[in-house]
Amino acid sequence: MKLHYALISIAFLSGLSQAQSADPTLYVHAFRSPSTGLEYRHGNVGVHAGYYTTVLDGNGDSTNFFKTGLTGYYRLSKSRNFDRFESYVSIAYVRGLNRDYEQKDGLFLESGFSYDLGRNLELRLGTGILAAKGRATEVNPTIGLSYRNVIR
């Protein structure tokens, strides 16, 4: 478990070290990556907050969380073939709202990539690790659809 934290932390910090200047941008996220909510991004760093839902048992029952955190974004390549792709690493605080996680605090680490669909829309695909005291570590896929608007 500690190895997961170390690897994601290294990737997060390396992403921040590649920061570029860019206009501040507001994102409206849908579904699970990073959550259904809002993100404010400037350069390669974003701050997000919202509602996160996932299925953690075999019954298909949803477990819901409040989620807030930081995301570091970086491009793996400046090649024209990959200019619509961007990688990200995120660390977030989660607070359980129901089921076995109700009123429990946790840590959520996520990494993945986003793809620019055009018309200010992005598709996000990733993997998240959920850790909470007294609970087994959970790994789940994270997907999302985002709308972005540059703030001027």
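Here are a few things to note about the model shown:
- Among the strands (runs of 3 or more DSSP E) confined to region 51-152, the ones with at least 3 residues that are among the charged types (D, E, K, R) and modelled with pLDDT of 90 or more are located at 105-118.
- Taking the listed residues N120, N98, the one that is over 12 Å from the mean Cα position of the chain (by Cα), surrounded by fewer than 19 Cβ atoms within 10 Å (Cβ to Cβ) and closer than 21 Å to T53 by Cβ is N98, with no other qualifying.
- Given (1) touching a residue at least 60 places away in the same chain (Cβ under 8 Å); (2) within 15 Å of the chain's Cα centre (by Cα), number of the condition P24 does not satisfy: (2)
- Residue list for region 123-138, restricted to those being exposed (fewer than 15 other Cβ atoms within 10 Å of the Cβ) and touching a helix residue (DSSP H, G or I) at 6+ places or on another chain (Cβ under 9 Å): R135, T137
- Among the residues making up region 81-95, a single one is under 10 Å from the mean Cα position of the chain (by Cα) and either of a type in the set (D, E, K, R) or surrounded by fewer than 20 Cβ atoms within 10 Å (Cβ to Cβ) (or both): I91.
- Hey, Y147 more than 14 Å from F31 (Cα to Cα) and among the hydroxyl-bearing types (S, T, Y) or not: no
- For region 19-69, a tally of residues being in contact with a helix residue (DSSP H, G or I) (Cβ under 8 Å, 6 or more places away or on another chain) and over 18 Å from V139 (Cα atoms) returns 2.
- All positions within region 133-152 that are without any contact (Cβ under 8 Å) to a residue 12 or more places away in the chain and basic (K, R): none
- Within region 132-148, considering residues that are polar (S, T, N, Q) and within 15 Å of D57 (Cβ to Cβ), the one farthest from the chain's Cα centre (by Cα): T137
- Region 77-106 residues that are farther than 23 Å from R41 by Cβ and of a type outside the set (G, A, S), paired with ones that are surrounded by fewer than 13 Cβ atoms within 10 Å (Cβ to Cβ) and modelled with pLDDT under 95 (beta carbon under 7 Å, 6 or more apart): R99/D61
The values are calculated or read from the model by the stated rules, or taken from the named source; none is laboratory data. Since we're looking at a predicted model, the values are computed, not measured. As a convention, Cβ positions derive from the backbone with ideal geometry for all residues, glycine included, and neighbour counts pool all protein chains shown.
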